[in-house]
Structure formats: structure tokens, C-alpha cells
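Asks: Supplied in C-alpha cells, the structure appears directly below.
The values are calculated or read from the model by the stated rules, or taken from the named source; none is laboratory data. No experiment lies behind these values; they were computed from the predicted model shown. Note: ideal-geometry Cβ built from the backbone for every residue, glycine included; neighbour counts use all protein chains shown. The protein model used for the area step is the full one, side chains on, heavy atoms only, and it has no ligands, DNA or RNA in it. Shrake-Rupley method; radii C 1.70, N 1.55, O 1.52, S 1.80 Å.
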Number of protein chains: 4
Amino acid sequence: MIVSVVAGNPKPASRTLTAASLLASTLTGKEPDHVVDVVDLGAGLLGWGDSAVAAAVETVAGSDLVVFASPTFKATYTGLLKLFLDQFSTSDGLQDVTAIPLMLGAGPAHYMAPDLLLKPVLVELGATVPAAGLYVVDKLYDDTEAFQPWVDRWGSIVLASANATVSAGDR
Amino acid sequence: MIVSVVAGNPKPASRTLTAASLLASTLTGKEPDHVVDVVDLGAGLLGWGDSAVAAAVETVAGSDLVVFASPTFKATYTGLLKLFLDQFSTSDGLQDVTAIPLMLGAGPAHYMAPDLLLKPVLVELGATVPAAGLYVVDKLYDDTEAFQPWVDRWGSIVLASANATVSAGDR
Amino acid sequence: MIVSVVAGNPKPASRTLTAASLLASTLTGKEPDHVVDVVDLGAGLLGWGDSAVAAAVETVAGSDLVVFASPTFKATYTGLLKLFLDQFSTSDGLQDVTAIPLMLGAGPAHYMAPDLLLKPVLVELGATVPAAGLYVVDKLYDDTEAFQPWVDRWGSIVLASANATVSAGDR
Amino acid sequence: MIVSVVAGNPKPASRTLTAASLLASTLTGKEPDHVVDVVDLGAGLLGWGDSAVAAAVETVAGSDLVVFASPTFKATYTGLLKLFLDQFSTSDGLQDVTAIPLMLGAGPAHYMAPDLLLKPVLVELGATVPAAGLYVVDKLYDDTEAFQPWVDRWGSIVLASANATVSAGDR
């Protein structure tokens, strides 16, 4: 199973990225195979055809399980994350990818954002998103216990979904 | 696999109900095991503790795969459907149920409603909702071809999810 | 200015109703002219043409300012409130009405629901909804201080909007 | 009344920009005072503190009426537009601004996006958004008739709201 993490925080090596990697490793028992810190892609995100952006898109699209993570800006995901998602093709850009929407925020007020706002974008790209989204208060970004209840509740469902595409890829 | 259909149209035996049953049978190759035409539950929906309502809730909660269907009223699902969903317990009322949000409407303008509005309610009840929601223009309510592209794209994913709970129930 | 309050809590004379009335009186300096406790309308809500329901719809539609209030059930407004809203005509059922979406909930997690979920239904009915929605933690339902920041921020905007329809009605 | 237009299309001088300007002029009877074609701001959008970005933010924040326009990418507004909106301060970045959410798309399927997705971001920034959002099929981008029904229905409400801040600014 190829596991990737995408973090859409304008600050490099952010808490968002740490949280996404921690969620992935808690869930799968291994470090993620690929980490895309979107801000590293820089100005190539503002147009079409940048090779580093294209490579990152290809890596993510070729994964079986991807955590898409964003801090909460203006009560939703960041423009930076959306800029990257805009690079995928509609309907099938994330086909055969099981996706997890993860958002971090200062307080509990934006708890609904992963399911109401980030998940629909991933679905539009063709991802399979079987679980509830996850919202974590950002000061708990590296606290495994903040992720454990979600992993206990949704982990086997998400892994079964991701494993199904692994098997499909083997055919 | 226990398959149910829930239709939240104030008109009994509606096109909504026909469409939901057709989607279920196209997907599974058999008639649904249970059909809940919510309007039949009547005034018992307005309070708590009605026995017919409780039985319907239990039937749905005990299913492996459920199509939740609604016409589009005021750009979202009906109050009638929500009245029924309000009877389930939060977080686990639909645990181990794979759910499909289906909405019908007069034109294409409300195409986004199943994913943005109906799906989050089902997720809040604990359902696994791995596929994109489905919106069908209501004059095509009994046209298998209106459902086939969705079934081709999402059918195996939804069935795998539902089968997983069948297996879990067998343990 | 005709001011009404609509409360969609299945429990009669609920905290929701008290909160909505308190918001209206804090905002306008007078008791609301009309209070619709939706649950009192009973089974007439389940069909079309009930005279008490029609009278309540007419009262609300003829108001200049209306607080639409709901507890949070399954992370959104209640089926009961939606059942009442389904009785209004689309696009113009609330034309010339300035509406305020108000939701109460046990904790802060559903803070986004009034703006993301209840407001769009009111807009679809043709209401003018110039302000942010308001979410109040339900144990503060009768605490004026829980409403004051919203009134300070949005009160004059909402009142100006409502007064405009009063003037229009006078022409 | 200071009127601005913001267009978040990665293509400069886009149909989105033309449509937004046409909506503004149809509504106010004059050309917009300021036009922000977000893509022109370039890589400065990816961080904080760029002077051209800061100037554009200040211009928009100091306007009375602003059309925020985006093509539909992945069933919502563009990452580019959100990148610009992320530069405003939360809650008061658009205080005393009356905002109109405008989206263009290839077909009618994403008709709900302006109200469900773009409007909440503007409200979070403190804008007054009294009217329904507007969605226009993109081939009609320069057809006044595509905008006229919205202007007829919501124009006086939006102008009254914008005029209120003009008056406030005069005090």
C-alpha cells in the first residue's frame, strides 16, 4: 500500500504536516511513503505545466491512501491546498485513491469543515472517502491520543478501502 | 447482505421511492429487503418513542446497505426525511451501515445537494459513505440508464464496503 | 416593523424558543409580535393545506424580521424546522423578510451550521439574510451576554435591512 | 460608493473578470473603481507581506461594494481566489464591505456553489452579504441578460447595503 501525505500550510514543515504524517503512521504502522509539503512547490502552482507540480500530482494520484491536511483559514481549507488540488483532473484525478480529509484549527469552532468543505473537493476529484473527516485542535498536533479515537473508529474501514485499490492494481 | 431503501417524499409511493429501489436493485441484482416510505410513519415521527418509527429505525440500522432518497425541497433534502434521521442515535445510529445519498430534482441546479448536504447527516449518524452522492433529474426516475454511470463508477466500492459489514456481522 | 420568531424544537416551549425571543427582543427592544413554536402545528405539517400551518406561514411571510431558530440535531437544523420551511414557496416565500439563522447546541463543534446549512435554506426561500448566522451554546440560552456580541456586530445591519421592507410595504 | 471587482481566475483578463465587471456596472450604472485580477499578484500571494498584495487587500477592504468572482474548479471557487482571501484578516477584513459572490461554470451543475461555498468565506471575513449568490453559465459571461434577473431581484437590496457603509464612512 502506497501511502502519501499532502499538507497545505503556507509555513514549511508545519504542525499540519507533522499531524498528517502522524495520522498516516498511526493508521498504517509505517512512515508515509511520500510527503508533499505543498508550499515547497512554490510559484509553479500558479500556472499549469510545472514539472515539479506535475510530479507531485502523479505521486499523489498513484497512491492508495492519502491524508490531505490543511490548517483552517477563514473557516475552511487554505488557498494553498486548493491550488494544488486544482492541478488534478476532475472526476478521475484521485480515482483509486482512498482519501482522508484532515484539518487543524485553533479551537473547536471549525470542527465541521473537513466533512462539509474539504471532503467534497476530494470526492469531486474521484477519491473514495469512506470515513468521517478529522478535525484536530492544533496544539494537539503531535499527540497520538488526539488521533486514536478516529483511528479506532474508522481505521479498519479506511484500510480496507485502500487495500482494495492495492489489489486492483495487482490485477 | 441486507439492503434497505428509505424514501423521504411526503407523497406516498413516490418517484423518489421507485428511483431508490431501482438504484438498489441495479446495484445488488435483487429487490431491496426492506422499504421504508417515511410518510407512512405519520405523526409518530413528530415525537419520540413511537413503536412503528422505532421498528423502522431498527430495520434500517440493522441493514448492510441503505439508499437514503429524497426529492429536492428548498435546495436540500426534505424535512420529512430529516425527521426520520433525527430518530437515529448520533455517531452510531448507522454504524456498520454503508449508505448512499440519492436526491431527485426537477433540473440540474441542485446536483451538489447529495454530497454537500445529505451525506454529512449520514456520516454524523456513523454511516460509511464511500461513494459520491447521486443526483437524478426526476423525470428519469425509472430510467436505469440514469443510474448506470454511477453504478459503473461506484458500485464495486459500495458493495465491498457493505460486504465488509456482512462479514463483520458473521463473526 | 413586524417581528416574528420561529422555533423548530420538538419540545414545546423550549430553550430554543426562549433564545430566539431573547435575541429578537435584544435586537429590537420589544417582544416579538408573533411566536411560532413549530411543534404546536402538529401533524398538519406532514401534508399540505392544513389551515393552522397556512396561517403560520402567512404570519411569518408577512413579517419584516424573523429569527429562525433550531437546536442542533445530527449536526444541522431539525427535521421539524425543515418541515415548516418546506411549506413556504420557493424563491419568494420569504421575499421582503429579513431573516436571522440561530442555532443552539451542546458544545462549540457545530458553530458553522447556521451559516453553512440553515442560511442557504432561508436564502432559497427568498429571504434577505445580511448577517452571519448565530450559534449559541445551549446552556447560555437565556443569557443576554451570549447574544450581545452578535447584536453589537450585526444589529444595525439587520435592522436597516428589515426597516427597508417596512418602508417598501408603506408605499 | 467605491466599487471593486475581484477575479480569481488563473487566466489573466478572463471571462470571469469580464462577467464580474459587467455585473458591477449593470448594478451600479458605472464602471468599477478598482479591478483586482488576482493572478497578476503572482508569487507574492504564496507568502505574507508582499506590498502589491497588501495594496490590493487594502483597496478591496476600503470598498463599499465588491464582486468576488471565480470560475468553478473542482465544484468550488479556485485556489487562486482563496489564496487572496486568505490575506484578509478574519472577522473584520471585509467589515463595512457589501460583497457579492459570483461564480461561472460550464454547466448548471454547480449552481449551489456561490451560496454554499463562496459566501461563507466572505461572511467569515466580516462582509455583509445580503443577497443570494449568483452562478452564471460561462458562455453567457458577457450577456447582460444573464445578470439582469439577479439584478432585478437583489439589486436594490445590495445597493442599500452598500450605501449604508458609504454613509457610515461619512460620519
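Asks: Return the total of residues in segment C:89-111 being buried (at least 23 other Cβ atoms within 10 Å of the Cβ) and within 11 Å of chain B (Cβ to nearest Cβ).
Replies: 2
Asks: Which residues, counting only those in segment A:146-161, are within 17 Å of the chain's Cα centre (by Cα) and within 11 Å of another protein chain (Cβ to nearest Cβ)?
Replies: Of everything in segment A:146-161, those that are within 17 Å of the chain's Cα centre (by Cα) and within 11 Å of another protein chain (Cβ to nearest Cβ) turn out to be A:W154, A:I157, A:V158, A:L159, A:S161.
Asks: Within segment A:54-81, count every residue that is among the β-branched types (V, I, T), open to solvent by less than 20 Å² (accessible area, probe 1.4 Å) and more than 12 Å from every other protein chain (Cβ to nearest Cβ).
Replies: 3
Asks: Would you confirm whether or not segment C:21-37 contains a residue that is within 14 Å of chain B (Cβ to nearest Cβ), out of contact with any Cys (no Cβ under 9 Å at 6 or more places or on another chain), β-branched (V, I, T) and without any contact (Cβ under 8 Å) to a residue 60 or more places away in the chain?
Replies: No, every residue in segment C:21-37 fails to be within 14 Å of chain B (Cβ to nearest Cβ), out of contact with any Cys (no Cβ under 9 Å at 6 or more places or on another chain), β-branched (V, I, T) and without any contact (Cβ under 8 Å) to a residue 60 or more places away in the chain.
Asks: Another one. Consider D:S51 carefully, then state whether it is within 15 Å of the chain's Cα centre (by Cα) and farther than 19 Å from A:V39 by Cβ.
Replies: So D:S51 does not fit the description; no.
Asks: Here's another thing I want to ask about it. Take B:A162 and tell me if it is surrounded by 22 or more Cβ atoms within 10 Å (Cβ to Cβ) and over 18 Å from A:A99 (Cα atoms).
Replies: So B:A162 fits the description; yes.
Asks: Okay, next question. Which numbered condition trips up A:V123, out of (1) more than 9 Å from chain B (Cβ to nearest Cβ); (2) under 24 Å from B:I157 (Cβ atoms)?
Replies: (1)
Asks: Could you please let me know if B:L46 is among the hydrophobic types (A, V, I, L, M, F, W, C), within 12 Å of the chain's Cα centre (by Cα) and either modelled with pLDDT under 95 or farther than 22 Å from B:K139 by Cα (or both)?
Replies: No: the conditions fail for B:L46.
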